[in-house]
1. For region 15-82, what ratio Rg/Rh do Cα atoms give with a Kirkwood hydrodynamic radius?
2. For region 17-56, what is the per residue volume of the convex hull drawn over the alpha-carbon atoms, in cubic angstrom?
3. If we count other beta carbons within 10 Å of each Cβ, what is the order of 152, 59, fewest first?
4. Starting from the 7 Å offset along Cα-to-Cβ, what nm value, one decimal, do you get for the label separation of residue 75 and residue 127?
5. Determine the gain in length on full extension of the stretch residue 186-residue 24; use 0.36 nm per residue of separation and subtract their C-alpha separation, reporting nm with one decimal.
6. What area, in nm² and to one decimal, does the C-alpha convex hull of region 2-182 cast on average over all directions?
7. Report the extension gain between residue 62 and residue 94 in nm, rounded to one decimal, defined as 0.36 nm multiplied by the number of residues separating them, less their alpha carbon distance.
8. Taking the Cβ of each residue in 147, 75, 87 as the centre, tally the other Cβ atoms inside 10 Å and list the residues starting with the fewest.
């Protein structure tokens, strides 16, 4: 399976393609889309859409894993980030890709074991896990790789099987009904006061 990972942004958007068809996942591509030079915000959004389509058409990934926008104090920044995420998702949907969105804390927890890890810690752990030599110029690229890796880890069969084994099984009690109560009263007249 090829997983397209995207760390959405309106100034720098990180992207990666992770190939999981081997014993160990392999990075096909990991880079950023540098958008700061584009002054018009609408043209940045257009560039995100077109570039996402180009990635999908070039690599033919099976799935898009994307980071969810985090909640910050600056509402305008959050809205812009949501638009960047939305057009990337729209591009993936136009090519019939399945899509999964992950919260930043989930990604950090999956990769490092710490939901509050810094970007540098995430990059360092990915370098250890996937064996690339040095961090890219922008950590948005490794953030995108972390999203793809999170999808891989959560959906790889040993982890998924382990999650099912660790999930407590609850026994559901049958719903009581008037018939069941009447049957109990008939069977146990001495226990009913």
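Only the coordinates and a few stated rules stand behind these numbers; no lab work does. Since this is a predicted model, take the numbers as computed values, not measurements. We place every Cβ from the backbone using ideal geometry, glycine too, and count neighbours over all the protein chains shown.
1. For region 15-82, the value is 1.04.
2. Dividing the Cα hull volume of region 17-56 by its residues yields 63 Å³.
3. In increasing order of surrounding Cβ atoms, one gets 59, 152.
4. The answer from the label model is 4.1 nm.
5. 51.9 nm
6. 14.8
7. The span from residue 62 to residue 94 would gain 10.2 nm if fully extended.
8. In order of increasing Cβ crowding within 10 Å: 75, 87, 147.
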